[in-house]
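Each remark here refers to the structure printed beneath this line.
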Amino acid sequence: MTSQYTPLLKLSGLSKSFGAARAVEPLDLAVQAGDFCAILGPSGCGKSTLLRMIAGFIEPSSGSIAIEGRDVTRLGPEKRPTNMVFQSYGLFPHLTVAENVGFGLALQKKSKDEVSQRTEEALRLVRLEAFGQRMIDRLSGGQQQRVALARALIMRPKILLLDEPLAALDLKLRHQMQEELRRIHHEIGGTFIFVTHDQSEAFALANLVAVMNQGRVEQIGSPSDVYLSPATLFVADFVGETSLLAGERRQGRVTLKAGPHFVSAGRDGPVRAIVRPERVALKSDGVPAVVTDAVFFGASLKVSLRLPSDETLILRSSEADAAARYRIGDKLTVGWEDQQVIDAGPG
Amino acid sequence: MIWRFVIAFFLLFMLGPILLVVLFSFGSNALIGFPMGGLTLDWYAKLAHDTGFHSAFWASFIVALATAILATITGTCAALALTKAAPKLVRSALAALSLPVLLPPLVVAIAIVVLFVRGLGLGLGLPVVILGHILVAQPFVILIVMARLARFDQATVDAARDLGASHWQAFRLVTLPQIASALIGAALVSAAISLDDFIIASFTIGGGNTISTFVWGKMRTTLDPSINAIATILLVLTVGLSALALRVSKYKG
Amino acid sequence: MRRAILLLAPSFTVLIGIFAIPVLLLFVVSFWSVKTFRLQPDFSFAAWQRFFTVYGDLTLYTLAVGLAVGLFCTLLGFVFAYAARFKAGRFGDLLLVATLITLFGGYLVKIYAWKSILGADGLLNQALMGIGLTDQPLAFLIYSRGAVIIALVHFLLPFAILPIYAALRNVSETTIEAARDLGASASQVLTRVIVPQCLSGLFSAFAFCFLLAAGDYVTPMLLGGTSGSMLGQFVLLEFSTNFNWPAGSAMSFGLLFVCLLVIGALAAMGSRLMRRSPGAAS
């Protein structure tokens, strides 16, 4: 039974151990219909294991997976309303593009007409309508990616799973495919879950981001939540280029080792202040700093500053004359508009 | 420059003697030696009317065909099991299955005879030859198929399962077509091994001849000049099958 | 797991039924006795005694032939594989094809070809007499140890080339370039970079050729004459003509054990040498 309160996908206490090693710690996650959800984390954090559990390739050690309120935990991948775009695509090299795309429908013994008609539709959706009769090895990487996408989408999955879908593509193609994925998600209004280690990709595509580290989900939220209010030090460090400055909180007041102090409610004890590079600027009565490195990125200049506390603060400036203003060795004073404060354990 | 001579020497050493036999099988002069006389197909024509050769040819054909099919099945099954197994198990299983190739074929052949004649009280014959050939051919099948499976993209099987295929459907529709050329190559190599074997066949055949044992009979006397022609036929069959196997399995990567 | 066992069942059924059980049975038979051409279960060492007393010298001689063939095959195989891997360019593939297609073909034909080449009225004698180097056929060409060794090397060389080539293929060009860059001469590259990286390939090539050469009986039968005979021929003799299965069995296993002993000793010596040599991988 589904109601508007039942999420499309609900993971409850889901975990996976390989022998003594915990790949995924027990976690809960709810994904609503229409969501474009990113599972973001460094390699080896358990995100692919999580995705393969949802697809049915790995049996969980504990917990349950429900899709539209129906428990699918013990079902094999062929019986789940999910389909997957594999990292290496897994295209059938002995079949043509059209045969690849129509493979799942042919297994369902659909009529030839229906298979070819829906294959054509799916190929049109990924803009490969002219390539149906090609063999797989005659396609470029980007085209193969689209075939893999069409082959999964033709099954009209309740949830489309994508395992590092763009990792094998070069930068320019990756940006193109990001746009394509957004367009397709918009066009068919489905629910997509994808795994990535690239935070910019996660932010570019998803409306819901789950950040994973060492088998644990550290934070689930919208991209802006995750970026602007990281829940843990790991998230702050992994998402974006932030500077973490050590400090101490006493009676609602934080004093950083580097000097500045400000009001911040919370428990007494050691804290870290998270400072976003784009919020840092020159400030006449600010903290003294020395420029240790300046890298030109085209649209902006990334400057590394050494603070009196020997910590590094990153500054990003997109002003036209930035390169002239920050030269290695320069001594200057800087400040920042606001910071996120996170409790840090002792040490 | 010196390497050219080295390479030429090796090719001459490896292929020369064999080509000599082929060359002289077309010579009107009876045995190998110059002058070889005029070109002739007489020796082949003579074989075509030799009933002893006919029965040897058919015996070899049956044995090679059965070996090719059965060894490819047993070896492929083993290769499929071993590609997903723990490395330790793979090493010991491969070592065990390769042992029959490492021991002198004489010992293997005698052991089989002792088992069938003394141990089981059964007779010898073509079925025993086939079993012996499966034993020797299956490690090569395993090596060939495992090499193909090592380059095999497991994601294709996952994808088929994800699209609704059962284990068996995924194997039949996705795995099998992809490794088919390797299986054909393995079957051809098995047939070549079977045809080339003389020692196991000569012990276990009981009565009658395969091409190998037929050639052996002529070699011992060396009085029959058609020996070059039979040797050439045997050579063309075994080397031809190996060359074909190489071509087939290379054809698709 | 159950699936793996099911898949391994057919091949292991053949292995156990047609190899393990027969070989064990054969071993047991070596302790049986023969009375008036009838085989009788027994626990007797007569067959083994016969192996050591009657066939001791022949066993040593057989080992010597096996060692010679193994060494020649390994050496030539290395040169060939080295040429195919590094020196032949596009001919490298041709060399490998020649190796592979003669691997499973022409065991008997190869031996027969050598008989035709080395025989008294064979090609080589004809050629030698033709250019006037000798006026009568050189009888020692055939029916000698040399003839047996040449034919066995010819037959086994492809089996030596393949493992060595496989090992050489794993030697990356980068390690060679790095050695050159660090000042190694061509011969130093060979002895310090290439050979150490393919030692296991060289050793398996040697072991395989040695075992098969020592166990062969067809080649000495056709090319060995009396001076070139080997133990395998007498295993056959005991089995078929003398109907002394225990003796044949004891000789088979005796030869096998001695061969394994030789291989084991060489492996131990090799690994000790490797440990001592400077610059060897620890």
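Here, each number is a calculation from the coordinates, and none is a lab measurement. As the structure is a prediction and not an experimental result, all values here were calculated from the model. When we count neighbours, we look across all protein chains shown, and the Cβ atoms used for this are built from the backbone with ideal geometry, even at glycine.
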Seminar exercise, completed: Out of A:SER309, A:ALA265, A:VAL334 - ranked by how far each Cα lies towards the positive end of the dipole of the stretch A:241-343, with unit charges on the beta-carbon of charged residues - the top one is A:ALA265
For this session: Quote the convex hull volume per residue of chain A, based on C-alpha atoms, as a whole number of Å³.
Result: 175
Exercise. What's the center-to-center distance, using Cα atoms, between the stretch A:27-51 and the stretch A:319-334 in Å?
Worked result: 41
Exercise. What does the helix-only formula give at 222 nm for chain C: each DSSP H stretch with n ≥ 4 adding -39500 (n - 2.57), the total divided by the residues, and the result rounded to the nearest 500 deg cm²/dmol?
Worked result: -21500 deg cm²/dmol
For this session: For each pair in A:LYS109/B:LYS84; B:LYS46/C:LYS110; B:LYS46/C:LYS115; A:LYS10/A:LYS47; A:LYS79/A:LYS112, compute the distance between the two Cα atoms and list the pairs where it is over 19 Å.
Result: A:LYS109/B:LYS84; B:LYS46/C:LYS110; B:LYS46/C:LYS115; A:LYS79/A:LYS112
Problem set entry | Overall dimensions of the stretch A:55-145 as given by Cα atoms, namely Rg and Dmax in Å | 15.7, 46
Exercise. For chain C, what log10 I(q)/I(0) values come out of the Debye formula at q = 0.09, 0.14 1/Å, with one point per alpha carbon and no solvent?
Worked result: -0.60, -1.16
Exercise. Could you give the nm distance between label points at A:ARG182 and B:SER98, where each point is 7 Å from its Cα heading toward the beta carbon?
Worked result: 5.5
Problem set entry | 10 Å-binned pair-distance histogram of the protein assembly as shown (Cα, whole percent) | 2, 10, 15, 16, 15, 14, 11, 8, 5, 3, 1, 0
Seminar exercise, completed: Tilt, helix C:56-82 to longest principal axis of chain C (alpha-carbon atoms), in degrees rounded to tens, equals 30
For this session: Among B:SER60, B:PRO104, B:LEU126, pick out the residue whose Cα is farthest towards the positive end of the charge dipole of the stretch B:1-132, where Lys and Arg carry +1 and Asp and Glu carry -1 on C-beta, about the Cα centre.
Result: B:PRO104
Exercise. Do any cysteines of the protein assembly as shown lack a neighbour Cys whose Cβ is under 4.7 Å away, and which are they?
Worked result: A:CYS37, A:CYS45, B:CYS77, C:CYS198, C:CYS259
Exercise. Okay, helix-only estimate at 222 nm for chain A: each DSSP H run of n ≥ 4 adds -39500 (n - 2.57), divide by all residues, round to 500 deg cm²/dmol; what do you get?
Worked result: -7500 deg cm²/dmol
Exercise. How far apart, in nm, are two points set 7 Å out from the Cα along the Cα-to-Cβ line at B:THR40 and at B:PHE13?
Worked result: 3.6
For this session: With only Lys, Arg, Asp and Glu charged, each at its Cβ (+1 for the first two, -1 for the last two), find how big the charge dipole of the stretch C:1-109 is about the Cα centre; round to the nearest 20 debye.
Result: 320
For this session: Give the relative contact order (percent, whole number) for chain A; include only Cα pairs under 8 Å separated by 6+ residues.
Result: 15
Problem set entry | Kirkwood Rh (inverse of mean 1/r, distinct Cα pairs), chain B, angstrom | 20.6
Seminar exercise, completed: Whole-Å distance linking the alpha carbon centroid of the stretch A:162-223 with that of the stretch C:43-81 is 67
For this session: Please identify, among B:ALA56, B:ALA45, B:ALA182, the residue showing maximal mean-square fluctuation in a Gaussian network model of chain B using a 10 angstrom Cα cutoff.
Result: B:ALA45
Seminar exercise, completed: Nearest 10, in degrees from 0 to 90: the angle of helix A:171-188 to the longest Cα principal axis of chain A is 60
Problem set entry | Proximal lysines to A:LYS283, defined as alpha-carbon separation beneath 29 angstrom and excluding residues fewer than eight positions away on the same chain | A:LYS257, A:LYS302, A:LYS331
